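S.K.: Okay, handing you the structure first.
What follows draws every value from the coordinates through simple rules; no lab data is involved. Please read these numbers as outputs of a predicted model, since none were measured by experiment.
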Amino acid sequence: MLTTTVAQAWISRWDRQQEGYLPDREERFTALIDAVEAGAGRPDPLILDLGCGPGSLATRLLDRIPGATVVAIDTDPLLLALGRNAHSGRMALRFADHDLGTSGWAAALDLDRPADAAV
């Protein structure tokens with residue numbers, strides 16, 4: 001069974017592995033979040049995290065912009081399951097299983113307003 005603790009441990013391993021490929025990953029995340037914060041124009045932006053993996057960037061966005069809502073989109077069932085389990089307590093974070101290469105994915109999100117940013 002995938003518990004929150006197990007999911008969080010796997011996401012930590014994922015983040016370390018990703019940092020091996022992209023040593024300046026955290027700096028890139030910071031720059032992206034700076035741009036979203038400056039450009040969203042509101043304290044409660046709706047943000048799409050495209051290709052979210054287990055939600056590493058999505059959670060950093062919410063840590064920095066607590067009024068935000070993030071819709072995290074990916075197609076990998078394992079990464080989505082890890083993200084959903086690890087971050088189940090974050091009401092402002094929703095994971096969605098959609099293929100960005102398929103037409104209609106944006107409409108299938110059924111958003112109540114247009115997104116303010118996509119990362």
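S.K.: To the nearest 500 deg cm²/dmol, what mean residue ellipticity at 222 nm is calculated for the chain from DSSP H runs of n ≥ 4 alone, each contributing -39,500 (n - 2.57), summed and divided by the residues?
M.R.: -14500 deg cm²/dmol, from helical runs alone.
S.K.: Could you identify which residue out of ALA96, ALA40, ALA86 has the top mean-square fluctuation in a GNM of the chain using Cα springs shorter than 10 Å?
M.R.: Per the Cα network of the chain with a 10 Å cutoff, ALA40 tops the list.
S.K.: Shifting gears a bit: Based on the Kirkwood radius over alpha-carbon pairs, what value in µm²/s does the Stokes-Einstein equation return for the translational diffusion coefficient of the chain at 20 °C and 1.002 mPa s?
M.R.: 146 µm²/s
S.K.: ³J(HN,Hα) across segment 28-39 via Karplus (A = 6.51, B = -1.76, C = 1.60, θ = phi - 60°), whole Hz, x for Gly/Pro?
M.R.: Result, rounded to whole Hz: 5, 4, 4, 5, 4, 5, 4, 5, 5, 4, 6, x.
S.K.: Under 37 °C and 0.692 mPa s, how fast does segment 66-119 diffuse according to Stokes-Einstein, given a Kirkwood radius computed over C-alpha pairs? Answer in µm²/s, whole number.
M.R.: Rounded to a whole number, D works out at 271 µm²/s.
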